[in-house]
Amino acid sequence: MAKVIGITGLLASGKSTLVKYILEQSYRVFDSDFEVGKLYNDSTFLNEVKNIFPKAFVNNTINKKILAEEIFSDENKKLSLEGLIHPIIEVKLNNFIKNNQNQKIIFIDVPLLFEVKWYKKCHEIILVITNEENSLKRFINRGGQPHMFNKIISNQTDLKYKIENSTHIIENNESLENFYNKIDKVLEKIKNTK
């Protein structure tokens, strides 16, 4: 039976770098953001989104910046979109876990791991954190708008709760080499616990 390790973290904390590094170590990783991205190529899904967010479509194409503005400005619309996305992704996640039971360790990368309560599927959880200054800088470098930063952060579960309920906390405030060293130490601990 595979040991399921959840990966989550703060906005622009380094989760993607962690996942890339873990993939390079030949582990299997379920990437929920990637799976959500695939949904935006599905016409049935897009029609359902268009029914809720007609303003987010320009020339019959979704504008994700407009969609984000609407989501983080209206809690009911956010919940409606999550109601479309989360059940589909959870089925894919459950299939990933089921289909990889022959592995010793598998990882699930879910930014909203605590918010959607999928942490209950995990044996251990890695939480990646960084200070707000680094997080904001990385967010902007990825093309994020500064005014959206606080809106997104305010929709995440309290950091204290995440820290208290995570097995491994990796701070990513220093060099990439330092971050990789911390990841290696956590991977070693995960391999050596039953």
* Structure fact -> Stretched fully, the stretch from Tyr180 through Lys160 gains (0.36 nm per residue minus C-alpha distance, one decimal, in nm) 4.8 nm
* Name the most mobile residue of Phe72, Phe96, Phe34, meaning the one with the largest mean-square fluctuation, in a Gaussian network model of the chain with Cα contacts below 10 Å. => Phe34
* Asked: How large is the accessible surface per residue of the chain, computed with a 1.4 Å probe and reported in Å² as a whole number?
  -> 56 Å²
* Positive end of the charge dipole of segment 1-89 (Lys, Arg +1 and Asp, Glu -1 on Cβ, about the Cα centre): tell me which of Leu10, Ile89, Tyr27 has its Cα farthest that way. => Tyr27
* Asked: Taking only C-alpha pairs under 8 Å that are 6+ residues apart, what is the relative contact order of the chain in percent?
  -> 37 percent
* Asked: For segment 27-127, what value does the Rg/Rh ratio take when both radii are computed over Cα atoms and Rh is the Kirkwood radius, given to two decimals?
  -> 1.02
* Charged-residue dipole, Cβ positions (Lys, Arg, Asp, Glu), the chain about Cα centre, Debye nearest 20 -> 440 debye
* **Sequence-distant aspartates and glutamates (8 or more away, or on other chains) whose Cα lies within less than 14 Å of Lys92** => Asp31, Asp33, Glu35, Asp109
* Spin-label point model (7 Å from Cα, Cβ direction): what's the Thr17 to Asn100 distance in nm? -> 2.2 nm
* To do: For the chain, give the percent of accessible area contributed by carbon and sulfur heavy atoms, probe 1.4 Å, rounded to a whole number.
  => 50 percent
* Asked: Antiparallel as a % of all DSSP beta bridges within the chain, to the nearest 5?
  -> 10 percent
* To do: Note the per residue figure in Å³ for the convex hull of the C-alpha positions in the chain.
  => 125 Å³
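The values are calculated or read from the model by the stated rules, or taken from the named source; none is laboratory data. All values reported here derive from a predicted model rather than from experimental measurement. Reconstructed Cβ throughout: ideal geometry from the backbone, glycine too, with neighbour counts over all protein chains shown. With ligands, DNA and RNA removed, areas are computed over all heavy atoms of the protein, side chains included. Shrake-Rupley method; radii C 1.70, N 1.55, O 1.52, S 1.80 Å.
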